[in-house]
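Enquirer: First the structure, which I've put down as structure tokens, then a few questions once you've had a look.
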Amino acid sequence: PMAERRTLHGVLDKGDIAGTHPGLVWECKNQKKLELSQWLLETEQERVNANAELGILVVKRRMYGTAADQYAVVRLEDMIQLLKKAGYQ
């Protein structure tokens, strides 16, 4: 409920959405051409800028309008760490 669009800071950008959790950075993309590698690099840089624990890339799916239908992309290493914190070995 406290999530909001973050203002842009150019090279020192800290992600697109703030207010969800102190350790999270959200980077959102809505473009026709998928550039996951570049976007994940951008998400990682914004995670570092924000001193956050995890960066999540949200990619809008074409022809799907609701937020629940979009893709959430994380690096495999980040997913493994999330699963470990959740109690999976």
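Enquirer: For Tyr71 and Asn51, compute 0.36 nm times the residue count separating them, minus their Cα-Cα distance, and round to one decimal in nm. Write out the running numbers ahead of the final one.
Expert: Working: separation 20, 0.36 × 20 = 7.20 nm, distance 2.36 nm.
Full extension from Tyr71 to Asn51 adds 4.8 nm.
Enquirer: Could you give the accessible area per residue of the chain, probe 1.4 Å, as a whole number in Å²?
Expert: Values: 6580 Å² over 89 residues.
Averaged over the residues of the chain, the accessible area is 74 Å².
Enquirer: Could I ask something else about it? Which log10 I(q)/I(0) values, to two decimals, does the chain give at q = 0.22 Å⁻¹ under the Debye formula with one point per Cα?
Expert: Calculated log10 I(q)/I(0) at the listed q: -1.18.
Enquirer: State the percentage of accessible surface on the chain attributable to carbon and sulfur atoms; use a 1.4 Å probe and exclude ligands, DNA and RNA. Provide the component values of the computation, followed by the final result.
Expert: On the way: 3900 of 6580 Å².
Ligands and nucleic acids excluded, carbon and sulfur give 59 percent.
Enquirer: Sorted by packing (mean other beta-carbon atoms within 10 Å per residue), highest first, where do 44-57, 63-76, 22-35 land? List each step's numbers first, then the result.
Expert: Details: 44-57: 18.1, 63-76: 10.7, 22-35: 14.4.
So the peptides 44-57, 63-76, 22-35, ranked by packing, come out 44-57, 22-35, 63-76.
Enquirer: Still on this model: What net charge do the residues around Leu41 carry, taking every other residue with its C-beta under 12 Å from that of Leu41, with Lys and Arg at +1 and Asp and Glu at -1?
Expert: -3
Enquirer: Can you tell me the length gained on complete extension of the stretch Lys85 to Met63, counting 0.36 nm per residue apart and subtracting the Cα distance?
Expert: Working: separation 22, 0.36 × 22 = 7.92 nm, distance 3.43 nm.
Extra length from Lys85 to Met63 when fully extended: 4.5 nm.
The values are calculated or read from the model by the stated rules, or taken from the named source; none is laboratory data. Quick caveat, the model's predicted, so the values are computed rather than measured. Cβ: placed from backbone, ideal geometry, glycine included. Neighbour counts: every protein chain shown. In case anyone asks, the SASA skips ligands and DNA or RNA and just uses the protein heavy atoms, side chains included. Shrake-Rupley method; radii C 1.70, N 1.55, O 1.52, S 1.80 Å.
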